[in-house]
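One structure, pasted below without further comment.
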Amino acid sequence: MSLVRILFYFLSFIAIASALYAAASKNLVRSIFVFFVTLFALAGLYVLALADFVAVTQVVIYVGGILVLILFAFMLSGKETLNVIQQPNSKLFSVKKLPAILLASLFFIVLLNVVLKADVDNLSWVKDSVNLKNEITPNAIMIDNIGVNLMTRYLLPFEAISILLLMALVGAAHLSRKQVKA
């Protein structure tokens, strides 16, 4: 077994385990910090897939922006709101959770069906790509091309997304602000 494969399994295990812990944990602070680990493990998987730019974008946008936004929303939340969120629910299955359980079960069945029926080694486009030696090799030209396109051809969507994120930040700060009684 090669070092890359061992590293892939290790990062995959960290990503899956930390994501499951973040989803199942009752403590919001621990969930936020474990989500931080999940995002870094995904960035590591992107590096293994030779997608350096996507890995750096993952760290800058999600870890540097979204996770900090979640932390600020948590810190600015009132104590009453946090107490209501963290109240333990004794029932694992209840009528209120039925739609979520059904949707998760259906998604799991579809995902399992796709994994079992997909014959990845015999896909025609993979065979054609291997025969044509159409491989992606890491070089600086790809990243330069992404940067030039981002700042020329896709500048307007890039700026629209930044304004959307700014609006989300202002909205989160407004919603988490305490009301002052006169």
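No value in this document is a laboratory result; all are computed from the given coordinates. Everything numeric in this text was worked out from a predicted model, so none of it was measured. A quick note on method: Cβ atoms are made from the backbone with ideal geometry, for glycine too, and the neighbour counts reach across all protein chains shown.
Using a basic spin-label model with each label point 7 Å from the Cα along Cα→Cβ, how many nm lie between Leu150 and Asn134?
Computed distance between label sites Leu150 and Asn134 equals 2.6 nm.
Relative contact order, percent, of region 1-46 when contacts are C-alpha pairs under 8 Å separated by at least 6 residues?
The value is 45 percent.
Based on alpha-carbon atoms only, what is the radius of gyration of region 1-48 relative to the globular estimate 2.2 N^0.38 Å?
This ratio for region 1-48 stands at 1.23.
Could you give the length gained by full extension between Leu103 and Leu3, i.e. 0.36 nm per residue of separation minus their alpha carbon distance, to one decimal place?
That pair, Leu103 and Leu3, stretches by 32.2 nm at full extension.
Now, a different point. Using 0.36 nm times the number of residues separating Leu69 and Tyr21, minus their current alpha carbon distance, what extension gain do you get?
Gain on stretching Leu69 to Tyr21: 15.2 nm.
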